[in-house]
Amino acid sequence: MVHYTCDMCGKQLLPDEDIRYVVKIEVYTACDAMEMDDDMDEEIEEMEEEGEDDGDACDACDAADPAEMLENGEYKTFRFDLCTKCHEKYLQDPLFLKLWNRTRFSEN
Ligand SMILES: [Zn+2]
């Protein structure tokens with residue numbers, strides 16, 4: 001049997017009793033060009049005819065394939081299991097901004 005614990009408070013989550021929430025976070029370099037897939041080629045050609053700027057996508061994006069990004073550590077995923085309480089807490093402050101602010105305050 002698989003046992004889960006809440007990644008925030010360490011509470012053990014019982015499959016029969018506790019609702020388990022999963023948080024998935026993806027972090028990667030934003031690069032609009034990467035989101036283009038082959039289906040969009042026609043649309044892009046039309047756009048290029050209008051402007052003089054012929055597809056001057058950022059050069060860094062040419063080299064950016066997912067495998068390479070993975071090696072460079074530019075693509076990261078996180079997955080957390082949360083109990084009901086922590087899920088609620090997490091949704092109120094997903095980036096822990098309040099926590100950061102509090103830490104800064106105590107340092108001053
Ligand atoms: Zn918890």
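The values are calculated or read from the model by the stated rules, or taken from the named source; none is laboratory data. Note that the structure is a prediction, hence the values are computed from the model and not measured. Here the Cβ positions follow ideal geometry from the backbone for every residue, glycine too, while neighbour counts run over all protein chains shown.
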- Task: List the number of the failed condition for S106; all other conditions in (1) modelled with pLDDT of 70 or more; (2) exposed (fewer than 10 other Cβ atoms within 10 Å of the Cβ) hold.
- Result: (1)
- Query: Considering only residues of the stretch 13-31 that are within 16 Å of the ligand (Cβ to nearest atom) and loosely packed, with under 12 Cβ neighbours inside 10 Å, which is nearest to E68 (Cα to Cα)?
  - Reply: V22
- Task: Could you list all residues from the stretch 1-18 that are within 23 Å of the chain's Cα centre (by Cα) and not in a loop (DSSP other than H, G, I, E, B)?
- Result: Y4, T5
- Spot the failing condition for L99; the list is (1) within 16 Å of the ligand (Cβ to nearest atom); (2) at pLDDT below 55; (3) not basic (K, R), and only one is missed. (2)
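Which of the following residues is out of contact with any strand residue (DSSP E or B) (no Cβ under 9 Å at 6 or more places or on another chain), away from the ligand (no atom under 16 Å from the Cβ) and at pLDDT below 60: D53, D65? Break it down stepwise before answering.
Details: D65 fails: at pLDDT below 60.
One residue alone meets the criteria, D53.
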